[in-house]
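Let me begin by presenting the structure, written as structure tokens, before commenting on it.
The values are calculated or read from the model by the stated rules, or taken from the named source; none is laboratory data. All values derive from a computational prediction rather than experimental measurement. Positions of Cβ are generated from backbone atoms using ideal geometry, with glycine treated the same way; all protein chains shown enter the neighbour counts. What goes into the accessible areas is simple: the full protein's heavy atoms, side chains included, and nothing from ligands, DNA or RNA. Shrake-Rupley method; radii C 1.70, N 1.55, O 1.52, S 1.80 Å.
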Amino acid sequence: MNAITPERSPVRQRALGGGLFPWAGYGFVLFFLAALVAFWPEYLSRLPRGGIYRHFHAGLMTLWFALLIAQPLLVRTGRRPLHRMLGKSSFVLAPLAVVSMVLLTHVRLQEVTDASMRALAILPLAMATLFAVAYALAISYRHQPALHARYMICTGLALVDPVGARLLGYYLPFALPDWAYQGTTFTLTDLLLLWLIWRERGVARGRAAFPVMLAVAVVLQAMVFVFPHLSAWQAAMRWFAALPLT
């Protein structure tokens, strides 16, 4: 019989929190293409220059994009064993991605001597924290698919600022004030989460994920604007830059 049972109907799946993200894989394809455009002027067009730490980071984030693209498509096509097998790779990829973010930040800190510029390291470190929190929550709820899927999607939020700010910086026909780049990308991140929260107003399972990530994002965004002005943070960045990490 071809009839859809109540348990498998789209309405039933939506109410339970499943079957909500058939678009996620395609959305991350578009996001990856945007990232290629964003990083073309300063990185991709200059390969193989860039340095080992930048190549390390770029390679890991490319693999992470591939994972975010493949996983929802595998679920959609019913290939759950392959989905689970690829998911295990995240236990290696995610920690390495965070390490690459920290190491790349350290390299950039060593390239500047001005304390105010060093203090701006809060931005990449905040995005690394956003990524790490989303992934940690995804793994914590790996046996609850509705929450797991949402938190995995939220790891992509950490990429909105580096991609969006570069698109604005390189392709707008005019320059924005320094604060406006993060103001724009942070607003976009928050609006995306608010849209997802609104979209899930009738969902029974998993709907707590996006409000949690919105709260985390807002706190980190506030830190980005506040911390560079704190003497304690500036001292911490001088200490961090002096560490023999790279």
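The equivalent ellipsoid that matches the C-alpha gyration tensor of the chain spans semi-axes of 35, 19, 18 angstrom, in descending order. Each eigenvalue of the Cα gyration tensor of the range 197-246, multiplied by 5 and square-rooted, gives one semi-axis; in descending order these are 37, 14, 6 Å.
Computed about the Cα centre, the dipole magnitude for the chain is approximately 960 debye when only Lys and Arg (+1) and Asp and Glu (-1) carry charge, each at its Cβ.
The T62 and K88 beta-carbon pair, evaluated with R₀ = 22 Å, returns a calculated FRET efficiency of approximately 0.70. Computed about the Cα centre, the dipole magnitude for the range 164-246 is approximately 260 debye when only Lys and Arg (+1) and Asp and Glu (-1) carry charge, each at its Cβ. Heavy-atom accessible surface of the range 195-237, averaged per residue, reaches 54 Å², computed with a 1.4 Å probe. Please give the helix 209-226 orientation as an angle from the longest Cα principal axis of the chain, in degrees from 0 to 90, rounded to the nearest 10. Compared with the principal axis, the helix lies near 10 degrees.
Taking N as the residue count of the range 40-185, its C-alpha radius of gyration divided by 2.2 N^0.38 Å amounts to 1.16.
Subtracting the Cα-Cα distance of L47 and T184 from their residue separation scaled by 0.36 nm leaves 46.4 nm. Between A235 and L191, the modelled label-to-label distance comes to 4.1 nm, taking each label 7 Å out from Cα in the direction of the beta carbon. Rolling a 1.4 Å probe over the protein heavy atoms of the chain, with every protein chain left in place, gives an accessible area that is 69 percent carbon and sulfur.
Stretching the chain fully between F31 and I139 yields a gain of 36.6 nm (0.36 nm per residue, less the alpha carbon separation).
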